[in-house]
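Here's the structure, in structure tokens; my notes come after.
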Amino acid sequence: GCEALTSINIPKSVKMFGDSAFKGCKALASINIPESVTWIDNGAFSGCTALTSINIPESVTEIGAGAFEGCKALTSIKIPYSVTEIGYSAFDGCKTLTSIIVAEENKVYDSRGNCNAIIETKTNRLIQGCTNTVIPESVTEIGVWAFEGRKILTSINIPNSVTKIGKSAFCGCEALTSINIPESVTEIGDGAFSGCEALTSINIPESVTEIREWAFSGCKAMTSINIPNSVTKIGDRAFYECEKLTSINIPNSVTEIGD
């Protein structure tokens, strides 16, 4: 919360950045992470809204949850070969992020085919995307909060290889106007498209059996939605604040409608 701090020199004796170390340092525009650092802990630079670039040295093995969350001015990141663990929402809310590169030598993560994303190699789960992400055909899951807060993302193609869209995967993508969910998808997580204010319509494939809670809440421009006969449950607040939705057809397959 040192809001006037613009720069800081970190000596080479430092081996880690602790929880929320520079959280809310809104004027911090740059920081040099010395090669002695091996661990960037949870929320270390969250809310550093003036931070435009960051150099993660090859000494770092772990990036904690929410480490760079809300760094609105951050445009690019490069994950070195040394990183073996990236926590949830590490780069959430980095709305101007346009470039993501994972070093080819990294054994745990990759950005195959210059896709501008971080993919967990073993599971084929995309854990972090950006405005210029092209989801490869080999990806089977879009992870939790993968595109959360990408406010300038207007469209994205989900390939037929994807079977699961994780919790809040596209939450807060305010400029997203359309999205095609392929028939391969069987699960759409809680709040997956919540806050997608420009999304006008969506087609849910027949492979989906449940519309989870908050799934489309806050989709204020949505005028129509197709619920297939495969759906048996509509979760709590699934269409909360869908202000322009004038009609909806609930199929006979539905046995439960939440709060």
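Which residues, counting only those in region 149-182, are charged (D, E, K, R), within 16 Å of residue 135 (Cβ to Cβ) and either at pLDDT below 95 or buried (at least 23 other Cβ atoms within 10 Å of the Cβ) (or both)?
Our first condition is that a residue be charged (D, E, K, R); within region 149-182, this holds for 150-151, 164, 167, 174.
Within this subset, residues satisfying the condition of being within 16 Å of residue 135 (Cβ to Cβ) are 150, 164.
Result: 150, single match.
Return yes or no: is residue 137 surrounded by fewer than 18 Cβ atoms within 10 Å (Cβ to Cβ) and in contact with a Ser or Thr (Cβ under 8 Å, 6 or more places away or on another chain)?
yes
Considering each residue of region 116-143, count those that are in a loop (DSSP other than H, G, I, E, B) and either touching a residue at least 60 places away in the same chain (Cβ under 8 Å) or under 12 Å from the mean Cα position of the chain (by Cα) (or both), and give that number.
Here is the first cut: in region 116-143, the residues in a loop (DSSP other than H, G, I, E, B) are 116, 121-124, 130-140, 143.
Adding the requirement that they be either touching a residue at least 60 places away in the same chain (Cβ under 8 Å) or under 12 Å from the mean Cα position of the chain (by Cα) (or both) leaves 130-131, 133, 143.
Number satisfying all stated conditions: 4.
Which of (1) open to solvent by 20 Å² or more (accessible area, probe 1.4 Å); (2) within 27 Å of residue 167 (Cβ to Cβ); (3) among the polar types (S, T, N, Q) does residue 9 not meet, given it meets every other one?
(2)
Given the residues 92, 41, which is the only one that is surrounded by 16 or more Cβ atoms within 10 Å (Cβ to Cβ) and either in contact with a strand residue (DSSP E or B) (Cβ under 8 Å, 6 or more places away or on another chain) or among the aliphatic types (A, V, I, L, M) (or both)? Before you say what the answer is, go through the steps one by one.
Values: 92 fails: either in contact with a strand residue (DSSP E or B) (Cβ under 8 Å, 6 or more places away or on another chain) or among the aliphatic types (A, V, I, L, M) (or both).
Testing whether each residue is surrounded by 16 or more Cβ atoms within 10 Å (Cβ to Cβ) and either in contact with a strand residue (DSSP E or B) (Cβ under 8 Å, 6 or more places away or on another chain) or among the aliphatic types (A, V, I, L, M) (or both) leaves just 41.
Do you know which residues across region 212-246 are modelled with pLDDT under 95 and among the β-branched types (Val, Ile, Thr)?
223, 225, 227, 246, listed by residue number.
With the checklist (1) open to solvent by 60 Å² or more (accessible area, probe 1.4 Å); (2) farther than 23 Å from residue 73 by Cα in hand, flag the one item residue 132 doesn't pass.
(2)
Quick one: which residue in 69, 58, 104, 62 is surrounded by fewer than 16 Cβ atoms within 10 Å (Cβ to Cβ), touching a residue at least 24 places away in the same chain (Cβ under 8 Å) and acidic (Asp, Glu)?
58
For region 93-109, what are the residues that are under 16 Å from the mean Cα position of the chain (by Cα) and charged (D, E, K, R)?
Matches in region 93-109: 95 only.
Which members of region 203-231 meet the condition of being among the polar types (S, T, N, Q) and open to solvent by 60 Å² or more (accessible area, probe 1.4 Å)?
203, 209, 223, 226, 229
Condition test on residue 144, is it at pLDDT below 95 and open to solvent by 10 Å² or more (accessible area, probe 1.4 Å)?
yes
The values are calculated or read from the model by the stated rules, or taken from the named source; none is laboratory data. Small disclaimer: the values here were computed from a predicted structure and weren't measured. Note that each Cβ is placed from the backbone with ideal geometry, even for glycine, and that neighbours are counted across all protein chains shown. Areas reflect the complete protein model, heavy atoms only, side chains present, ligands, DNA and RNA absent. Shrake-Rupley method; radii C 1.70, N 1.55, O 1.52, S 1.80 Å.
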